[in-house]
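A short worksheet on the structure shown next.
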Amino acid sequence: MRVLLVEDDKRTAGFIARGLREEGFAVDHVIDGEDGLHRALSEPYDAAILDIMLPGIDGLTLIDEIRKKKILIPILVLSAKDSVDDRIKGLQKGGDDYMVKPFAFSELVARLHALIRRANSVPEPTSLRVGDLYLDLVRRKVFRASRKIELQPKEYTLLEYLMRNTGRVVSKTMIMEHVWDYNFDPQTNVVEARICKLREKIDRQSEKKLIHTIRGVGYVLEER
């Protein structure tokens, strides 16, 4: 899942971005409202986290402009302003949730998942299964039949994305947008390299292969 983070405090932004990436999110971080608006209008995001007091366009104006353009991504407001009036303004402008600094990171992640779940209008599953491949979303563990598979964080995120799109061909661009950050070079072979490593761990010891290349289009995970 891909998140836009608009936060001008370097220390806070670094803490959030690092933590979210460890949780499997792809994070695009910008430091001012104008850049945040440009990204929100031009890039696909699953959610946005933004501060109120920003250089250029302030957070409330940023939310207002995003909503005027009919961009419906869930927005989590993160601010040091903690009065009831401030919270009401943030929600009335179109924010979906409001957290006050300082905050517990675990709560931020939980609220972010809840916002994305509500936006998709479907219950968040606790596991994914394709054939004998099983992914435990709660414990972040993967099994093929009875064999436990150890994955690096990006490998896990890539597998989760493929499994959430079972039977659907996803392009390299789609994978880059949802698994890696905006600044990755589209000419890099990072996707191919990670798919290769994932195949070795998922398919190598199994007769039935699940990860398939659709030449010139992308990749699909499915039983055949």
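The values are calculated or read from the model by the stated rules, or taken from the named source; none is laboratory data. Since this is a predicted model, take the numbers as computed values, not measurements. Because the Cβ atoms are built from the backbone with ideal geometry, glycine has one as well, and the counts that use them run over all protein chains shown. Ligands, DNA and RNA are excluded from the accessible area calculation, which covers all protein heavy atoms including side chains. Shrake-Rupley method; radii C 1.70, N 1.55, O 1.52, S 1.80 Å.
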> With each run of n ≥ 4 DSSP H residues scored as -39500 (n - 2.57), what mean residue ellipticity at 222 nm is computed for the chain after dividing by its residue count and rounding to the nearest 500 deg cm²/dmol?
Replying inline: -12500 deg cm²/dmol
> What angle, in degrees between 0 and 90 and rounded to the nearest 10, separates the Cα long axis of helix 153-164 from the longest principal axis of the Cα atoms of the chain?
Replying inline: 80 degrees
> Taking the chain as a Gaussian network, where each spring joins two C-alpha atoms under 10 Å apart, which residue of GLU207, GLU160, GLU34 fluctuates the most?
Replying inline: GLU207
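Cβ under 11 Å from GLU222's Cβ, GLU222 left aside: what net charge do those residues give with Lys, Arg +1 and Asp, Glu -1? If you can, show how the numbers build up before the last one.
Numbers: positive: ARG168, LYS208, LYS209, ARG224; negative: GLU223.
Cβ neighbours under 11 Å give a net charge of +3.
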>> With a 10 Å cut-off between alpha carbons and a GNM built on the chain, which of ASP97, ASP32, ASP82 moves the most?
In response: ASP82
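Using only the Cα atoms of the stretch 109-224, build the gyration tensor, take square roots of its eigenvalues as a ≥ b ≥ c, and label the shape rounded, prolate or oblate: rounded if a/c is under 1.5, else prolate if a/b is larger than b/c, else oblate.
Verdict is oblate for the stretch 109-224.
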> Just how far, in whole angstrom, is the stretch 91-114 from the stretch 1-57 if you go by their alpha carbon centroids?
Replying inline: 13 Å
>> Compute the angle between helix 59-68 and the longest alpha-carbon principal axis of the chain, please, reported from 0 to 90 degrees and rounded to the nearest 10.
In response: 60 degrees
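Find the relative contact order for the chain and round it to a whole percent, using C-alpha pairs within less than 8 Å whose residues are 6+ positions apart.
Details: 348 pairs, mean separation 36.2, N = 224.
So the answer I get is 16 percent.
Given LYS69/LYS154; LYS141/LYS197; LYS148/LYS208; LYS69/LYS93; LYS141/LYS208, which pairs have Cα atoms separated by over 23 Å? Write down the numbers at each step before the final one.
Working: LYS69/LYS154 32 Å; LYS141/LYS197 17 Å; LYS148/LYS208 17 Å; LYS69/LYS93 13 Å; LYS141/LYS208 21 Å.
Beyond 23 Å between Cα atoms: LYS69/LYS154.
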>> For THR61, what accessible surface area do you get with a 1.4 Å probe? Give it in Å², rounded to 10.
In response: 60 Å²
> Rounded if a/c is under 1.5, else prolate if a/b beats b/c, else oblate: with a ≥ b ≥ c from the C-alpha gyration tensor eigenvalues square-rooted, which is the stretch 1-69?
Replying inline: oblate
>> Just the number please: accessible area per residue for the chain, 1.4 Å probe, all protein chains included, in Å².
In response: 52 Å²
>> Pick from GLU177, GLU65, GLU107 the residue whose mean-square fluctuation is largest in a GNM of the chain, springs joining Cα atoms under 10 Å.
In response: GLU107
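Keeping all protein chains in place and using 1.4 angstrom, which order do VAL77, VAL138, VAL100 fall into by accessible surface area, from largest down? Mind dumping the intermediate values first?
Details: VAL77 0, VAL138 110, VAL100 35 Å².
Largest accessible area first, the list is VAL138, VAL100, VAL77.
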>> Using only Cα atoms and rounding to the nearest 10 degrees, what angle (0 to 90) does helix 33-42 make with the longest principal axis of the chain?
In response: 40 degrees
>> Given a 1.4 angstrom probe, I'd like the percentage of the accessible area of the chain that is carbon and sulfur, rounded to a whole number.
In response: 49 percent
> Which sequence of SER42, SER171 reflects their accessible areas, 1.4 Å probe, from the largest down?
Replying inline: SER42, SER171
> What order do LEU159, LEU60 take when sorted by accessible area (1.4 Å probe), most exposed first?
Replying inline: LEU60, LEU159
